[in-house]
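For reference, the structure is listed below as structure tokens.
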Amino acid sequence: MIEPFSLACPIPITNYSHVTLAHGGGGRLMHDLIRKMFLSAFGGDNTSPHDGAVLDPPTGARLAFTTDSYVVSPIFFPGGNIGELAIYGTVNDLAMCGARASWLSVGFILEEGLPMERLWQVVRSIAFATQRCGVVVATGDTKVVDRGKGDGVYINTSGIGVIDHDLDIRPECVREGDVILVNGDLGRHGIAVMAKREGLELDVELESDCAPLWEQVKSLIDAGVEVHCLRDLTRGGLSSALNEIAEGSHCRLFVDETKVPVSTAVKSVCELLGLDPLYVACEGRFVAFLPERHADTAIEALRQAGAPSPSVIGIAEKAGETEVILKSCIGTRRPLDMLSGEQLPRIC
Amino acid sequence: MKYVEEFRNERAVRVLAAELARAVRHSWTIMEICGGQTHAIVRFGIDELIPPLLTLVHGPGCPVCVTPIELIDKALEIAARPNVTFCSFGDMLRVPGSHGDLFSVKARGGDVRIVYSPLDALALARAMPEREVVFFAVGFETTAPANAMAVYQAKRTNVRNFSLLVSHVLVPPAIETILSSTTNRVQGFLAAGHVCTVMGYYEYEPLAAKYNVPIVVTGFEPVDILEGLLMCVRQLEEGRCEVENQYSRLVVREGNRRAQEIINEVFTVVPRKWRGIGEIPASGLGLRENYQEFDAELRFNVQATTVAESPECISGLILQGLKKPHECPVFGTRCTPEHPLGATMVSSEGACAAYYRYRRQSGQHASRGEQR
């Protein structure tokens, strides 16, 4: 548990209202920033600066290890900011391995000129998110780049998670006949961030789905669900995740488009811009592969754990054929392919 | 989602497909004009639902596909200039010219931006008076009114640092080119609903009469397309050649008069080169004389150089309905969305890209198509 911390920015605005190159220079200013802002927020050990964290994992436990860099623009978006995203993203990657996140590293690349107040907001969000996930920021780093060479803040987080069950959760474990579950509606994060970045004036309230997923994954494991594979639906959305799993499992995956939950707001924006929600990024959604007989238990467990709209969307149809097939809303079947690049808004 | 979901209703689709199967007695070839319709047909698998006697071919109505490579090269040259902010709709950025695309210009330091409206580009010009803001005005009649409005407003409010690189094309001359070709196989058309929202459909009546061909103004959802096909087939079976309107929830015969007025105020009809097809007289729009100060080609004095297309690419035949994407020997092998040889593979609405994305893995569809 971290110490309660002040809502006011701990770097007095009269001293430095903006990040300067000196804040990454290794001198007193950098130490002030780390001590007063980062350590006070993340609850680290103030007294004995060291080159790394020494961890004490449970004896014999399997560990999961992951890293991700966060460069989202804008850094504040409806429903979240880059700070929460950097924590939840890495916590979720560990959760998809069936691991509870235990230790994180947080590396900041700050752009000279970033208002200190903005940085403080990001740092507070990180502190809130780590507390929510029960994860410790064990080590960190700060660099400052010249103005114009960054986008305010970039964050890299790496995480180590502990696996305290016997399930083997990975694409290779998908079996013919497994059902495919999704925990909620797709596309909110991608559309909310794009709308904010591009200044689209939408008549609908749309917030990012950015959220930690471990509690939902844990609820499946605790309910005795035999989880075979998990994947969060980040870049490339549902279609990329399923194509990767099809490749890993050598299974033909079948998805019924009418069963995939998508909010009216996301559908409408996608229609207007010529985008497909099945390719839009989420930050709080995942697919789970599990035996059909566990589907009801899984849906109930997910619902209890706060999943917005857990639904069975398809099935691992046939082993030995690597592809993803979509049954469209008019009943026809077609391949659901991975995109070759980014989705681009259409001319007309 | 009202006005969308009821047109994607499985039961309505089945009923229409059954009606279509009953209506078709002879073998017919029908072309959908618009890339949006091509995309919908392949994405929803509508061509799997139609009777075997009916063949759908895909028309030239993808503005990204038909923009000539010379104009892409001009765009690349203008966008690379240090004082230029080059604005475009998203899907033009990936179209390769003879040396790279707009994304590669951006990667080399060019200020290339995706906008959602030409008026956003005009707002940028107002906000950055020290920079030249150029908008890539691509499209059929659908996008012409907004592009015209941007120039009209720029002139009225004296925004001197704004210009258009114009590549507007028109549907009726393309239909006439296809129909007058000695190799033509198209017997009926689904006209592009959105184009007709702006232009109405009176322009198509002389074409239907002259070439004895039914033309049905059609929308973009599965129910629209099947209903358009049914109307077209009924005309063909009954020997009628009329212009009919399936998309009556949006289109009236006269079109949108205000939109046509602003087009006529700013643009005039000019000859245009179509990628894969060649020059078609009176087939495009260019800026009128009193708006030529906003013509980026004149302002930046970029020279056209004729560029040879890949000899392996058959996009010209595809755009005229003479071939289908999977009939191309390099489809999906040497020509993919990552390494497109021609524009029909680049744009998401291009016929080749649509087939690649939605058909590549299911061989049975392609072979069924070939039998028709």
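From the helices alone, meaning DSSP H stretches of at least four residues, give me the mean residue ellipticity at 222 nm for chain A, per-run term -39500 (n - 2.57), in deg cm²/dmol to the nearest 500.
About -8000 deg cm²/dmol.
Per the helix-only calculation at 222 nm, which mean residue ellipticity applies to chain B, given -39500 (n - 2.57) for every DSSP H run of n ≥ 4 and division by its residues, nearest 500 deg cm²/dmol?
Rounded to the nearest 500, it is -11000 deg cm²/dmol.
Report the trypsin sites (Lys or Arg not before Pro) located in the stretch B:14-81 that are in a DSSP loop and have at most 12 other Cβ atoms inside 10 Å of their Cβ, or state none.
Here the trypsin sites (Lys or Arg not before Pro) that fit, given the DSSP loop and packing criteria, are B:25.
Would you give the gap between the C-alpha center of the stretch B:152-213 and the C-alpha center of the stretch A:327-348, rounded to a whole Å?
Each part's Cα centre sits 27 Å from the other's.
Return the single residue from A:54, A:136, A:260 with maximal mean-square fluctuation; model: Gaussian network over chain A, springs between Cα atoms under 10 Å.
A:54
Based on a Kirkwood Rh over C-alpha pairs, give the Stokes-Einstein translational diffusion coefficient of the protein assembly as shown at 20 °C and viscosity 1.002 mPa s in µm²/s.
In µm²/s, the coefficient is 77.
What is the Cα radius of gyration of the stretch B:1-111 over 2.2 N^0.38 Å, N being its residue count?
That ratio works out to 1.55.
Using the structure shown, select from A:218/A:327; A:149/B:106; A:267/B:324; B:210/B:273; A:36/A:143; B:74/B:106 the pairs with a Cα to Cα distance greater than 19 angstrom.
Listed pairs above 19 Å: A:218/A:327; A:267/B:324; B:210/B:273.
Got a sec to turn the phi values of the stretch B:148-163 into Karplus ³J(HN,Hα) couplings, 6.51 cos²θ - 1.76 cosθ + 1.60 with θ = phi - 60°, whole Hz, x for Gly and Pro?
Per-residue couplings from phi come out as 4, 4, 4, 5, 4, 5, 4, 5, 4, 9, 6, 8, 7, 9, 10, 8 Hz.
Can you tell me what share of the DSSP beta bridges in the stretch A:21-163 is antiparallel? A percent to the nearest 5 is fine.
70 percent
Obtain the radius of gyration and the Kirkwood radius of the stretch B:269-367 from its C-alpha atoms and give Rg over Rh.
Using only Cα positions, Rg/Rh for the stretch B:269-367 is 1.10.
Measuring from the lowest to the highest alpha carbon on each principal axis, how far does the stretch A:171-335 reach, largest first, in angstroms?
45, 34, 25
With a 10 Å Cβ neighbour count serving as the proxy for reagent exposure, in which order, fewest first, do B:84, B:171 appear?
By the 10 Å Cβ count, ascending, the order reads B:84, B:171.
Provide B:115, A:145 in ascending order of the number of other Cβ atoms located within 10 Å of each residue's Cβ, fewest first.
A:145, B:115
Order by neighbour count: B:236, B:53, B:322, fewest other Cβ atoms within 10 Å first, most last.
Placing the least packed residue first, the sequence is B:53, B:322, B:236.
Nearest-5 percent of antiparallel DSSP beta bridges in the stretch A:199-348?
Of those bridges, close to 70 percent are antiparallel.
Over all alpha-carbon pairs in chain B, figure out the percentage whose distance exceeds 29 Å.
41 percent
Taken together, the values in this text are just the output of simple stated rules run on the coordinates, not laboratory data. These numbers were taken from a predicted model, which means no experiment stands behind them. Cβ sites come from the backbone with ideal geometry, for glycine too, and all protein chains shown count toward neighbours.
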